[in-house]
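The structure appears below as structure tokens.
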Ligand code: SF4
Ligand code: SF4
């Protein structure tokens, strides 16, 4: 049936555990002008889900879109688009948003303000629910699976969860990682072309790593990313990212070291971003040194890597677009 909607309204869910509690949300997109944050189930503790109740709530939102209206919280969202949406009650896209554990302490992360609090939040194992969803034919391949919040490899169930997904033909799994801990299942998923693993290293030296990440683990991260990259020679699924953080790593010397190290360890895809708080305050700053650095990386990186690109909001900044 053709109407305007998004893949999260139709076939998505977000398991969210953080300082605001443990809930199942429609999506994880917090920058929607309408507010986003649509709640599908409050105070979720990992118990098996009553699917009749779940679809009653989810379909009440889908019906708004079907009627030609827009869900209030989704007003103005960039993800809304016309499509021919399936009317089946399936979940295809899931985000596991846990803010409960990380072995890093990045200066730009919102967990930085109180790391101990975030690292002590209570979590639950989601695998029993995922198994129930697959057994009932509710969760099917075809969408995107991702993680947000803390460090996925520190979750107790991480290896088992990802192995289960791979074994059940889910093949579009994105894993952002600090890469401090090596994960055999990431290696397996990369070798099968089912996992994209992204590490935001943000530097080219141990000294800058310590300043930004609050931990002395640069060599370990490089070693682990080298291992992931080596799994497959033609591998674009191992991604290194550089978030320019003014005052920490905004110089060509650091950037050159990063680019050269990525090249040396076999990475084929690099991504550029800019620290969010700085970015929000400099939307009109068309000639700043930071923007020149982004252009420098894009120009240099395109000759060194199979793919070198800026994140969407960075490209908008370059193009002078405000969102
Ligand atoms: S339209 Fe935007 S805010 Fe609404 S569910 Fe989709 S991604 Fe989330
Ligand atoms: S690795 Fe991610 S979750 Fe951990 S501190 Fe850095 S930005 Fe935050």
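We did not get these values from a lab; they are worked out from the coordinates using the rules stated. Here the structure is a predicted model, which is why all the values come from computation and not from measurement. We place every Cβ from the backbone using ideal geometry, glycine too, and count neighbours over all the protein chains shown.
Show me, bin by bin at 5 Å from 0, the whole-percent P(r) of region 2-176 based on Cα pairs.
In order of increasing distance, the bins hold 1, 8, 17, 20, 20, 16, 11, 5, 2, 0 percent.
Note down the nm distance, to one decimal, between modelled labels 7 Å out along Cα→Cβ at residue 191 and at residue 289.
Going from the residue 191 label point to the residue 289 one covers 4.6 nm.
Using the alpha-carbon centroid of each, what span in Å lies between region 114-179 and region 192-231?
The two parts, judged by their Cα centres, are 21 Å apart.
Would you mind calculating the gained length between residue 211 and residue 131 on full extension (0.36 nm times residue separation, minus the Cα-Cα distance), in nm to one decimal?
Details: separation 80, 0.36 × 80 = 28.80 nm, distance 4.11 nm.
Contour length minus Cα-Cα distance gives 24.7 nm.
With the crude spin-label approximation of a point 7 Å out along Cα→Cβ, what separation in nm comes out for residue 42 versus residue 157?
2.4 nm
In angstroms, what radius of gyration and Dmax does region 47-109 have, counting Cα atoms only?
Considering region 47-109 through its Cα atoms, Rg and Dmax are 16.6, 46 Å.
Given 0.36 nm per residue, what is the gain on full extension from residue 20 to residue 60 after removing their alpha carbon distance, in nm? Kindly include the intermediate steps, with their values, before the conclusion.
Working: separation 40, 0.36 × 40 = 14.40 nm, distance 2.43 nm.
Length gained between residue 20 and residue 60: 12.0 nm.
Could you give the nm distance between label points at residue 144 and residue 164, where each point is 7 Å from its Cα heading toward the beta carbon?
2.4 nm
How many Å³ per residue does the convex hull of the Cα positions in region 195-323 occupy? Can you show the working numbers first?
On the way: hull volume 13.4 nm³, N = 129.
About 104 Å³ per residue, rounded to a whole number.
Taking just the alpha carbons, could you work out the radius of gyration and Dmax for the chain, both in angstroms?
Just the Cα atoms of the chain yield Rg and Dmax of 20.2, 57 Å.
In deg cm²/dmol and to the nearest 500, what is the mean residue ellipticity at 222 nm of the chain if only DSSP H runs of at least 4 residues count, each as -39500 (n - 2.57), divided by the residue total?
Details: 12 runs with 113 residues, N = 323.
Computed ellipticity for the chain at 222 nm equals -10000 deg cm²/dmol.
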